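The values are calculated or read from the model by the stated rules, or taken from the named source; none is laboratory data. It should be emphasised that the depicted structure is a prediction, and the values quoted were computed from it without experimental measurement. Positions of Cβ are backbone-derived with ideal geometry, glycine not excepted, and every protein chain shown enters the neighbour counts.
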Amino acid sequence: MAAFFLKNKIVTVTYRKLTVSRNLTFRRTLLFVILAFSLTYSQNTGNLRGIVTDSLTGEIIPYANVVVKGGKQGASTNSSGYYFIPSVPAGNRTIIFSIIGYVTREVTTVIKAGVINDINIKLARTSVDLGEVTIVGERNARENETDLGLEKISVKDIELQPIGAELDIFRVIQNNPGVNTTGDATSKYYVRGGGSDQNLVLLNGATVYNPFHALGIFSVIDPEIISSLEFYKGGFTPALGDRLSSILNIITRDGNKNFYQGTVQAGLLSGKVAAEGPIPGGSFLLTGRKSYYSGILKKYLNNKETPFDFYDLSVKANFSDPSIDQNSKFVAHAFLSSDQVVNNDPLLEDYHIRNNIGGVKWSKIWNGSPLVSDLNISYSHYMAKVEPNLSGSKPRENNVRDFTINADLAYIYDSKDQLLFGVQNKFLTTELKQVNQLQREIDYLVSRTSLAGYVNYKFFRWDDVGLDLGMRFNLLSMAEKRPFLFEPRISLTWLINRLMIFKFAFGRYSQEMVALANEDELISVFEPWMIVPDNITAAEATHFIAGFTSWFSDRFVLEIEAYYKTMTNLMEVNEQKFTSIQFDFKNISGTSYGIEAALKFDGSIFYGKAAYALGWAEKYAKDLTYAPRYDVRHSINLLAGINPGANWQFTANWVITSGMPFTPISGFYDKLLLDGTVPINILGNYEPQFIYDKKNSSRLPYYHRLDLSLTKKFSTGFADFTIGASVLNVYNRENIYYFDKKTGKRINQLPLLPAFFVKAEF
């Protein structure tokens with residue numbers, strides 16, 4: 001996706017009907033796009049563009065609202081702080097810039113006809129966290145965006161979440177309906193009935209194959225470095241691919257452009273430091289986080305001793321110089337994370353997990369043209385290793401090396417239509433060493449190249465309709481058996497009236513990289529990634545999404561979405577492999593469907609969100625239909641906060657979900673063990689074995705939990721401080737996690753747990 005792409009709105013008072021044939025061919029679509037290029041509009045208008053930044057730090061401000069006063073033209077800044085409003089009437093015009101957390105600013109300027117007018121704006125922060133901010137024209141800037149399934153999450157949204165033991169971005173997205181988890185001891189998430197490996201996590205355009213610390217308890221991405229999050233629950237655009245369920249696009253901050261500053265923070269699990277400041281032509285940001293106390297993790301793991309040790313490092317630098325290349329920005333970034341579980345007991349396994357990520361990016365706004373471009377080159381290396389020591393298990397190791405080149409362009413016409421197109425070239429090597437079902441060691445080493453392209457045309461010329469037609473296509477595929485070449489994507493927005501919008505999306509998706517995860521394992525440490533084997537067909541999914549958005553005011557909105565998703569050729573380990581001629585893996589299929597609702601309110605003192613999801617998920621194997629473990633029928637999430645001023649902030653989060661499926665035990669039998677070295681002891685060489693009922697045929701009781709947090713910001717003569725305290729599971733609900741199969745003992749999830757942190761900014 002082009003970094004500078006944003007959606008805009010045309011406003012007129014007439015209503016037109018738009019009819020699109022269901023059988024519209026790709027050739028006709030391209031012809032239609034070409035004809036659209038020739039459209040020209042009155043020279044009595046000019047185009048308006050610019051970048052919105054923080055007046056204090058110089059950081060870009062994503063998702064700010066930009067509206068022409070007295071008219072209905074508007075836009076929102078994208079993740080790079082860039083906005084573009086075409087066809088603004090020439091003459092004196094007042095432009096309004098607003099976003100929660102910043103003082104609304106009005107700027108009067110002369111719009112020159114037939115040219116691009118550049119206005120870069122700096123916004124000042126409010127004196128309190130939310131403040132009395134007037135959100136002017138936010139709804140107008142959004143109305144005909146074809147963004148169904150997209151949740152834009154700003155830094156402010158992250159800060160408004162309960163802290164917990166560690167502030168975690170995955171806990172933030174789990175507040176969205178349709179996003180589930182399998183327990184307190186993991187931040188691993190499942191979106192609309194899809195497996196965890198169907199979620200793509202991007203960090204500045206690079207793939208993060210293992211985004212979790214401490215065996216999945218929280219994210220490897222420090223929230224302090226984030227500028228914006230874009231979370232797609234489905235129906236994502238053709239610029240994004242290679243996953244079936246969701247995309248999480250993380251953009252990190254550039255760093256303070258005006259002065260140097262440092263941050264030190266300490267919590268229960270880890271400590272972290274950060275430094276940022278200006279450099280010639282740009283800025284830098286350097287952060288590091290390290291675990292120092294694993295005792296608190298015993299609460300997550302039911303008082304089991306686990307010697308966790310983890311760290312992550314992040315660095316980013318940006319540079320721009322008009323004398324070298326006008327309106328260009330160069331970015332270099334690197335990220336390292338490491339997790340280790342090293343036991344002193346030689347009878348236990350040790351674990352080693354690493355992410356090494358780096359990349360460079362060149363973004364350009366072309367002079368005298370509404371064209372913007374991105375060139376992004378990234379490298380990602382993921383390594384996971386299990387050392388058995390004397391435990392009796394087999395060694396396991398997984399390596400993924402991913403070198404990716406993305407080139408994206410976006411062009412905005414005077415008609416307000418937009419054209420996006422680009423290519424992605426990926427060079428991938430995966431290696432997996434482990435033991436198969438026959439206890440034979442396998443070494444699966446594959447190197448492949450893929451080449452994908454996309455084209456996307458967005459119609460924003462109509463007052464009451466926004467239409468997005470796109471196609472993603474693979475010229476080279478990594479999988480030997482790929483089910484289809486073209487992946488069409490369609491999104492439609494229809495303004496029913498000034499208070500209600502109907503949206504629809506359809507798309508086909510494929511996935512050639514999979515993780516071998518056992519969904520029945522509560523905490524899975526080793527989940528290797530691999531390219532789909534040649535004997536297995538690459539997975540595909542089809543999304544149908546429809547929804548309504550209704551505004552009761554500029555700050556009070558209701559969103560309802562329904563979805564239906566089919567998944568075919570999902571890859572699983574062949575547990576019925578009994579001979580060497582049988583394959584290690586097999587294809588299965590699945591279906592998920594449901595309805596979601598979210599009611600949001602953003603006020604100056606109070607904010608809140610109520611979300612409900614009703615969903616079904618099923619998988620189909622040979623002669624077996626079952627619900628996966630992450631199938632949750634009902635879920636309710638209530639988030640509320642109060643910001644009374646004086647830099648105090650109180651938040652509460654209450655979650656209730658119906659029970660997850662599990663496989664019950666229906667009986668036992670004695671198994672005769674054959675040693676092979678000594679005569680069989682008929683009288684004593686038996687071991688009890690379980691007889692399982694139908695897979696996931698029972699459900700656990702309902703789960704519910706209340707978390708509270710309180711933060712306070714204050715300044716001294718030498719630093720700004722933030723202190724926070726939280727309580728997880730306030731009323732100490734005993735939520736069942738599982739039953740120990742050997743002892744029959746009930747194991748509960750997280751008990752009442754207090755937590756705190758302190759942060760100092762210099």
Taking the stretch 693-717 and the residues there that are free of Cβ contacts under 8 Å to residues at least 40 places away in the same chain and of a type in the set (S, T, N, Q), the one that is nearest to Asn732 (Cα to Cα) would be Ser698
Restrict the check to the stretch 188-203 and report whether at least one residue is under 20 Å from Leu750 (Cα atoms) and of a type in the set (S, T, N, Q). no
Report the residue count in the stretch 630-651 for those that are over 17 Å from Ala611 (Cα atoms) and among the polar types (S, T, N, Q). 3
Which condition does Asp414 not pass, out of (1) more than 23 Å from Tyr509 (Cα to Cα); (2) among the acidic types (Asp, Glu); (3) part of a strand (DSSP E or B), if it passes all the others? (3)
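Quick grid of which residues meet (1) out of contact with any His (no Cβ under 6 Å at 6 or more places or on another chain); (2) among the β-branched types (Val, Ile, Thr); (3) modelled with pLDDT of 90 or more; (4) buried (at least 16 other Cβ atoms within 10 Å of the Cβ):
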residue	(1), (2), (3), (4)
Ile353	yes, yes, yes, yes
Ile357	yes, yes, yes, yes
Asn367	yes, no, no, no
Leu371	yes, no, yes, yes
Ser378	yes, no, yes, yes
Lys385	no, no, yes, yes
Lys394	yes, no, no, no
Arg401	no, no, yes, yes
The stretch 88-110, residues that are over 34 Å from the mean Cα position of the chain (by Cα) and in a strand (DSSP E or B): Val88, Pro89, Gly91, Asn92, Arg93, Thr94, Val107, Thr108, Thr109, Val110
Quickly run through the stretch 444-475 and pick out the residues that are at pLDDT below 90 and either closer than 14 Å to Pro238 by Cα or basic (Lys, Arg) (or both). Arg461, Asn474
One residue is enough: does the stretch 375-385 have a residue meeting the conditions within 20 Å of Pro533 (Cα to Cα) and aromatic (Phe, Trp, Tyr)? yes
Report those strands (runs of 3 or more DSSP E) wholly inside the stretch 585-677 carrying at least 2 residues which are within 29 Å of Gly234 (Cα to Cα) and modelled with pLDDT of 90 or more. 585-602, 606-621, 624-626, 634-645, 648-657
Any pair with Cβ under 7 angstrom, 6 or more apart, that starts in the stretch 238-259 at a residue that is farther than 14 Å from Arg472 by Cα and ends at one that is among the β-branched types (Val, Ile, Thr) and assigned to a loop (DSSP other than H, G, I, E, B): Ile250/Ile221; Asn256/Thr57; Lys257/Thr57; Asn258/Thr57
Just checking: which of the strands (runs of 3 or more DSSP E) contained wholly in the stretch 419-525 hold 1 or more residues that are polar (S, T, N, Q) and out of contact with any Cys (no Cβ under 7 Å at 6 or more places or on another chain)? 441-459, 465-476, 486-497, 500-511
Only one of Arg27, Arg22 is modelled with pLDDT under 90, over 21 Å from Asp414 (Cβ atoms) and not in a loop (DSSP other than H, G, I, E, B); which? Arg27
Counting just the residues of the stretch 260-276 that are without any contact (Cβ under 8 Å) to a residue 40 or more places away in the chain and in contact with an Asp or Glu (Cβ under 9 Å, 6 or more places away or on another chain), which one comes out nearest to Glu59 (Cα to Cα)? Glu276
Residues of the stretch 228-241 being crowded, with 21+ Cβ neighbours inside 10 Å and either part of a loop (DSSP other than H, G, I, E, B) or in contact with a helix residue (DSSP H, G or I) (Cβ under 9 Å, 6 or more places away or on another chain) (or both), in sequence order, are Ser228, Leu229, Phe231, Lys233, Gly234, Gly235, Phe236, Thr237, Pro238, Ala239, Gly241
Subset of the stretch 333-369, residues of a type in the set (S, T, N, Q), in a strand (DSSP E or B) and farther than 17 Å from Asn318 by Cα, comes to Ser337, Ser338, Gln340, Asn355, Asn356
Options Ile217, Ile225; residue that is touching a residue at least 12 places away in the same chain (Cβ under 8 Å) and in contact with a strand residue (DSSP E or B) (Cβ under 6 Å, 6 or more places away or on another chain): Ile225
All but one of (1) of a type outside the set (Gly, Ala, Ser); (2) within 19 Å of Phe548 (Cα to Cα); (3) within 24 Å of the chain's Cα centre (by Cα) hold for Arg472, so report the exception by its number. (2)
So Phe526 passes all but one of these: (1) modelled with pLDDT of 95 or more; (2) surrounded by 18 or more Cβ atoms within 10 Å (Cβ to Cβ); (3) among the aromatic types (Phe, Trp, Tyr). Which condition number does it fail? (1)
Out of the strands (runs of 3 or more DSSP E) lying entirely within the stretch 111-174, which hold 3 or more residues that are buried (at least 18 other Cβ atoms within 10 Å of the Cβ) and at pLDDT 70 or above? 150-154
So which residues in the stretch 73-108 are surrounded by fewer than 15 Cβ atoms within 10 Å (Cβ to Cβ) and either at negative phi or among the polar types (S, T, N, Q) (or both), if there are any at all? Asn92, Thr94, Glu106, Val107, Thr108
Does Met567 meet the test of being buried (at least 23 other Cβ atoms within 10 Å of the Cβ), more than 19 Å from the chain's Cα centre (by Cα) and modelled with pLDDT of 90 or more? yes
Report yes if Ile51 is under 21 Å from Val115 (Cβ atoms), surrounded by fewer than 24 Cβ atoms within 10 Å (Cβ to Cβ), outside the structural domain of Phe231 (by TED's automatic domain parsing) and touching a Ser or Thr at 6+ places or on another chain (Cβ under 8 Å), otherwise no. yes
